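**Student:** To start, I am sharing the structure in question, which I have written as C-alpha cells.
Coordinate-derived values only; no laboratory data. Predicted, not measured: the structure shown is a model, and the values here were computed from it.
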Amino acid sequence: MVGPGAVGVERGYAAGAGNCGGARVVGDTSWFGLLVLYPLRDLMGFGFWAASYWGSRILWRGRVFELLPGGRCGRQNRDIVES
C-alpha cells in the first residue's frame with residue numbers, strides 16, 4: 001500500500017514531466033517559476049474546505065438555504081437578487 005506522501009510526490013513528478021514536455025514542444029521556459037503556485041493552490045483549497053465547516057447557510061443560484069440538524073437542508077425566505 002502506498003501512503004499519501006508518495007501519492008503527492010508522484011503527482012508532483014507527473015506535473016513537472018507534463019510541463020517539461022510542453023516546454024520542449026512550444027519552447028516555453030517560464031513554467032518552472034510557476035511550480036511554486038502548486039503548493040499555494042493546495043493550501044488555499046485546504047483553507048476553503050476548513051472554512052466550509054463554520055457556516056450553515058448556502059447560497060446556490062441566488063437562493064439561500066440553511067443546513068438543518070440531521071443533515072437536512074431547508075430554504076430560507078430571503079433570496080439574493082443579482083442586478
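**Student:** Give me the extension gain from Val26 to Arg63: residue separation times 0.36 nm, minus the current Cα-Cα distance, reported in nm with one decimal.
**Tutor:** 8.8 nm
**Student:** For Ile58, what residues show an amide H to amide H distance below 5 Å, using hydrogens built from the backbone and excluding near sequence neighbours?
**Tutor:** It is Phe65, Glu66, Leu67, by chain and number.
**Student:** How much length is gained if the chain between Leu37 and Cys73 is pulled fully straight, taking 0.36 nm per residue apart and subtracting their Cα-Cα distance, in nm to one decimal?
**Tutor:** Taking Leu37 through Cys73 to full extension adds about 9.4 nm, to one decimal.
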